[in-house]
Every structure is written in structure tokens, then in C-alpha cells.
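Asks: After the C-alpha cells below, expect a handful of questions from me.
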Amino acid sequence: MAKFCSSNLIVYLDAPYKRDEYSRYYHVLETIALYDYPASERKGRLRTKNNGERFKTEFFSKNIQVVEINLKHTIVTIIQKSKACVWSYSDNGVASIPNVVNMVLKEVPCKVYFYSIPHKHNSQRKKEKTYKAFLNVMEYCIVFVKEL
């Protein structure tokens, strides 16, 4: 049997772009994994906030600097424990991509590669049925490779 080698590991990071509670999208998987019986609310039978059953991260912060520091910390940790981090992000995200990349480079020696593609984002906001809210964005794939 082959031994696990973290030096060859590549981690894909698709962090939240906006101040949003992503935990509400994964409540079914969380319940299956925990095999617990949470209280639930609304149509989606979400875990309740009031009982502290729904987790939230610092990505939910209103403070942009807090979001950027958490992205930097996550990317640095991934680079330190693996060979590469592939970060997916959009130019309409809360954090500044250049700020995060510069913070990462100050902490860990690595090479950075940028890839981008224009994208028409379909908003999830409720609008009139005849109106689709498309937003032109640039989607980025930023690859951090550990320097050996």
C-alpha cells in the first residue's frame, strides 16, 4: 500500500466570494455526517441560528480586512502543508486579490500563477420572472506553488 505523501498534495480552495452564510447550503450533509437531530426552520429546514446549530466562519465578517487575513491564513497553511494551493476567486468578491496575494508572499516563499476568464454571473436574488440579473465578472484561478 502506498504511503500518503503531503508534499505532492494540491489543495483547491473555493472560498466564499461574498459575506454570506454558506453553512445554510450544507445543512443536510452536516446532519448526515453528525447523525444528530437539530431543530430546523423555514422551507429549507435549515439548522437554526438561535440554538447555535449553524456554524459561521470569519468569511462572514463585515470587515474586509478580517476576510483578507483569513484567506491569507488559509492559503499560507495550505502551502505549508502541501505542494500547492489553487485558489478560485472573482473580481467582484469581498477581498482584494492583490492584497491577499501580497500578504501570502510576505509569509511564505512561493511562485504565483494567475489565470482568468470572463464570466456572466447569474444573480440568485429574486427579481421579476422576465428579468435576469447578469453581472459581468472576471473569474480567477490563482495557483500558489511552494518553492523548495
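Asks: State whether the residues of the range 118-140 include one that is touching a strand residue (DSSP E or B) at 6+ places or on another chain (Cβ under 9 Å) and modelled with pLDDT of 95 or more. Before you say what the answer is, go through the steps one by one.
Replies: Taking the range 118-140 and keeping what is touching a strand residue (DSSP E or B) at 6+ places or on another chain (Cβ under 9 Å), we get 118-123, 132-140.
Subset that is modelled with pLDDT of 95 or more: none.
No: the range 118-140 contains no residue that is touching a strand residue (DSSP E or B) at 6+ places or on another chain (Cβ under 9 Å) and modelled with pLDDT of 95 or more.
Asks: Name the single residue that is surrounded by the fewest Cβ atoms within 10 Å (Cβ to Cβ) among those in the range 133-148 being not in a strand (DSSP E or B) and not small (Gly, Ala, Ser).
Replies: Going through the range 133-148, the residues not in a strand (DSSP E or B) turn out to be 133, 147-148.
After this cut, where a residue has to be not small (Gly, Ala, Ser) as well, the list is 147-148.
On the way: GLU147: 8, LEU148: 6.
Looking at residues that are not in a strand (DSSP E or B) and not small (Gly, Ala, Ser), I get LEU148.
The values are calculated or read from the model by the stated rules, or taken from the named source; none is laboratory data. No experiment lies behind these values; they were computed from the predicted model shown. Because the Cβ atoms are built from the backbone with ideal geometry, glycine has one as well, and the counts that use them run over all protein chains shown.
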